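The values are calculated or read from the model by the stated rules, or taken from the named source; none is laboratory data. Just so it is clear, the model here is predicted, and its values are computed rather than measured. Cβ placement follows ideal geometry from the backbone for every residue including glycine, while neighbour counts extend to all protein chains displayed. For the accessible areas, the whole protein counts, side chains as well, though only heavy atoms, and no ligand, DNA or RNA atoms are used. Shrake-Rupley method; radii C 1.70, N 1.55, O 1.52, S 1.80 Å.
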Amino acid sequence: MPRYAQLVMGPAGSGKSTYCSTMVQHAESLNRSVQVVNLDPAAEYFNYPVMADIRELIQVDDVMEDNSLRFGPNGGLVFCMEYFANNFDWLEESLGHVEDDYILFDCPGQIELYTHLPVMKQLVEQLQQWEFRICGVFLVDSQFMVESFKFISGVMAALSAMVSLEIPQVNVMTKMDLLAPKAKKEIEKYLDPDMYSMMEDNSDTFRSKKFKKLTKAICGLIEDYSMVRFLPFDRTDEEGINIVLQHIDFSIQYGEDLEVKEPKEVDEEQSNLNYDEIFQDKVSS
C-alpha cells in the first residue's frame with residue numbers, strides 16, 4: 001500500500017508549526033493517525049510530538065559556531081539542508097517501513113529552497129521512491145495578504161514552489177482566526193482572485209508605465225495558470241480544517257486503497273428465525 005505525505009511549506013512566520021499541530025489534533029478527533037517530521041534545523045519550539053527531528057542530524061547553531069565554515073543564519077540553513085540531502089538514509093531509518101503512513105513534513109521557511117536550490121526537489125523524488133504520495137501545502141499569512149501587491153508576491157512564491165517541485169499543491173491562507181471581522185470579509189476576494197480586475201482597482205498606484213506593464217504580465221501569468229487559489233485556515237473552525245484536509249486527501253488519493261469492510265454475515269440460526277412466531281409468543285405470554 002502507498003504512504004502519504006504533506007510537505008508543509010511557506011515563508012517564515014506563516015504558521016507551519018501551528019498548522020501541523022492543529023492538523024494532528026484534528027486527525028485524532030477523526031481517529032486517524034498522523035505523524036510529524038521536523039525538517040527545520042533552526043526550529044526552536046513546537047508543541048507536538050515528532051517521529052523524526054532533523055536537529056538530531058544537524059543544527060543551524062552548530063554550523064554557525066563552526067569557525068571553519070563561518071556561515072550566517074541563511075547560509076547555515078542552506079548548508080544544513082544540503083547535508084540532509086546527502087544523508088537521506090537517516091530519514092529512511094527514522095520513518096521506518098510502515099504501510100499506510102500519513103506524515104506531515106514541517107519544512108524550513110527560506111524561499112530559496114523552493115526556487116533555485118535542488119534540495120526540496122531531491123527530497124520529493126526520494127519520498128516518491130519510498131512510495132509516498134505527496135501533496136505540497138503552501139501557507140501564506142492572511143495578515144500579510146491585505147494589500148494587492150503583497151498578495152501578488154505571495155501568489156508568485158506559491159506558484160514558484162508548485163512549478164519547482166512538480167507535485168499537487170494546496171495553497172492555504174493561515175491565521176484567519178486572528179483577523180478582525182471587517183478584514184476577514186475584505187480578504188475573501190483574495191481566496192479566488194480575479195487578477196486583472198485586482199490590477200485595475202489599483203491602477204492609480206502605478207508610478208511608471210514599465211511597472212504597470214510588468215505587473216500586468218505577472219497577473220496574466222497567474223491568471224493563465226489558473227492554479228493558484230487559496231483555502232482559508234482558521235484553527236478554531238473544525239469544519240474549515242476538515243475542508244482543507246479533504247482537498248489534500250483528494251489530491252493524493254488518500255483512502256482509495258483502503259480495504260472495504262464487508263458487512264458481517266448473519267448466523268444461519270438467526271436467519272432461519274420466524275419473527276412472526278416469536279412476536280405471537282410474546283403477545284400471548
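Conditions tested, residue by residue: (1) more than 18 Å from Met156 (Cβ to Cβ); (2) at pLDDT below 75; (3) out of contact with any Cys (no Cβ under 9 Å at 6 or more places or on another chain); (4) small (Gly, Ala, Ser).
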residue: Lys184; (1), (2), (3), (4): yes, no, yes, no
residue: Lys213; (1), (2), (3), (4): no, no, yes, no
residue: Cys219; (1), (2), (3), (4): no, no, yes, no
residue: Met227; (1), (2), (3), (4): no, yes, yes, no
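Within the range 44-59, count every residue that is acidic (Asp, Glu) and open to solvent by less than 20 Å² (accessible area, probe 1.4 Å). Don't jump to the end; show me each part of the working.
Quick first cut of the range 44-59, residues acidic (Asp, Glu) only: 44, 53, 56.
Right, trim to open to solvent by less than 20 Å² (accessible area, probe 1.4 Å) and you get 53.
Selection size over the range 44-59: 1.
Phe105 versus (1) under 22 Å from Pro49 (Cβ atoms); (2) open to solvent by 60 Å² or more (accessible area, probe 1.4 Å): which is the lone unmet condition?
Tallying (1) under 22 Å from Pro49 (Cβ atoms); (2) open to solvent by 60 Å² or more (accessible area, probe 1.4 Å), Phe105 fails exactly one: (2).
Looking at this structure, is Phe206 aromatic (Phe, Trp, Tyr), open to solvent by less than 40 Å² (accessible area, probe 1.4 Å) and modelled with pLDDT under 80?
On the way: aromatic (Phe, Trp, Tyr): yes; open to solvent by less than 40 Å² (accessible area, probe 1.4 Å): yes; modelled with pLDDT under 80: yes.
Judged against the criteria, Phe206 is a match.
Given the residues Gly136, Gly76, which is the only one that is under 27 Å from Met1 (Cβ atoms), small (Gly, Ala, Ser) and either touching an Asp or Glu at 6+ places or on another chain (Cβ under 7 Å) or not in a loop (DSSP other than H, G, I, E, B) (or both)?
Of Gly136, Gly76, the one residue that is under 27 Å from Met1 (Cβ atoms), small (Gly, Ala, Ser) and either touching an Asp or Glu at 6+ places or on another chain (Cβ under 7 Å) or not in a loop (DSSP other than H, G, I, E, B) (or both) is Gly136.
Against the conditions (1) more than 24 Å from Met162 (Cα to Cα); (2) within 15 Å of the chain's Cα centre (by Cα); (3) open to solvent by 50 Å² or more (accessible area, probe 1.4 Å), where does Leu30 fall short? Just the number, please.
If we test Leu30 against (1) more than 24 Å from Met162 (Cα to Cα); (2) within 15 Å of the chain's Cα centre (by Cα); (3) open to solvent by 50 Å² or more (accessible area, probe 1.4 Å), just (2) comes out false.
Of the residues Asp66, Asp62, which single one is of a type in the set (Asp, Glu), surrounded by fewer than 14 Cβ atoms within 10 Å (Cβ to Cβ) and part of a helix (DSSP H, G or I)?
Values: Asp66 fails: part of a helix (DSSP H, G or I).
Only one candidate passes the filter, namely Asp62.
Taking Gln126, is it at pLDDT 90 or above, open to solvent by 50 Å² or more (accessible area, probe 1.4 Å), of a type in the set (S, T, N, Q) and assigned to a helix (DSSP H, G or I)? Outline the logic, then answer.
Working: at pLDDT 90 or above: yes; open to solvent by 50 Å² or more (accessible area, probe 1.4 Å): no; of a type in the set (S, T, N, Q): yes; assigned to a helix (DSSP H, G or I): yes.
Taking the combined requirement at face value, the residue does not satisfy it.
Read through the list (1) of a type in the set (Ser, Thr, Tyr); (2) at pLDDT below 80; (3) surrounded by 18 or more Cβ atoms within 10 Å (Cβ to Cβ), then give the number of the only condition that Tyr254 fails.
(2)
Checking the conditions here, which among Ser164, Ser160, Ser142 is at pLDDT 85 or above, polar (S, T, N, Q), over 19 Å from Asp89 (Cβ atoms) and surrounded by fewer than 17 Cβ atoms within 10 Å (Cβ to Cβ)? So that I can check it myself, show each step before the final result.
On the way: Ser164 fails: surrounded by fewer than 17 Cβ atoms within 10 Å (Cβ to Cβ); Ser142 fails: surrounded by fewer than 17 Cβ atoms within 10 Å (Cβ to Cβ).
Exactly one residue qualifies, and that residue is Ser160.
Go through the range 155-197 and give me each residue that's outside any helix (DSSP H, G or I) and in contact with a Gly (Cβ under 6 Å, 6 or more places away or on another chain). I'd like the intermediate steps shown before the answer.
First pass over the range 155-197, keeping only residues outside any helix (DSSP H, G or I): 166-175, 179-180, 191-194.
Selection gives Ile167, Gln169, Thr174, Lys175.
What number goes with the only condition from (1) open to solvent by 70 Å² or more (accessible area, probe 1.4 Å); (2) at pLDDT 85 or above; (3) not in a helix (DSSP H, G or I) that His116 does not pass?
So the condition that His116 fails would be (2).
Being open to solvent by less than 70 Å² (accessible area, probe 1.4 Å) and in contact with an Asp or Glu (Cβ under 9 Å, 6 or more places away or on another chain) is the filter here, so list the residues in the range 209-247 that pass it.
Scanning the range 209-247 gives Glu223, Phe230, Pro232, Phe233, Asp234, Asp237, Gly240, Ile241.
Going by the conditions given, is Asp89 among the charged types (D, E, K, R) and buried (at least 16 other Cβ atoms within 10 Å of the Cβ)? Before the answer, list the steps.
Working: among the charged types (D, E, K, R): yes; buried (at least 16 other Cβ atoms within 10 Å of the Cβ): no.
Considered against the rule, which asks whether it is among the charged types (D, E, K, R) and buried (at least 16 other Cβ atoms within 10 Å of the Cβ), Asp89 comes out as no.
How many residues does the range 76-107 hold that are of a type in the set (D, E, K, R), free of Cβ contacts under 8 Å to residues at least 60 places away in the same chain and closer than 22 Å to Gly136 by Cβ?
Narrowing the range 76-107 to residues of a type in the set (D, E, K, R): 82, 89, 92-93, 99-101, 106.
Subsequent filtering for residues that are free of Cβ contacts under 8 Å to residues at least 60 places away in the same chain retains 82, 89, 92-93.
Right, trim to closer than 22 Å to Gly136 by Cβ and you get 82, 92.
Of the residues in that region, 2 qualify.
Does Pro41 meet the test of being closer than 16 Å to Gly109 by Cβ, in contact with a helix residue (DSSP H, G or I) (Cβ under 7 Å, 6 or more places away or on another chain), outside any strand (DSSP E or B) and open to solvent by 20 Å² or more (accessible area, probe 1.4 Å)?
On the way: closer than 16 Å to Gly109 by Cβ: yes; in contact with a helix residue (DSSP H, G or I) (Cβ under 7 Å, 6 or more places away or on another chain): yes; outside any strand (DSSP E or B): yes; open to solvent by 20 Å² or more (accessible area, probe 1.4 Å): no.
Here the answer is no, as Pro41 does not meet what is asked.
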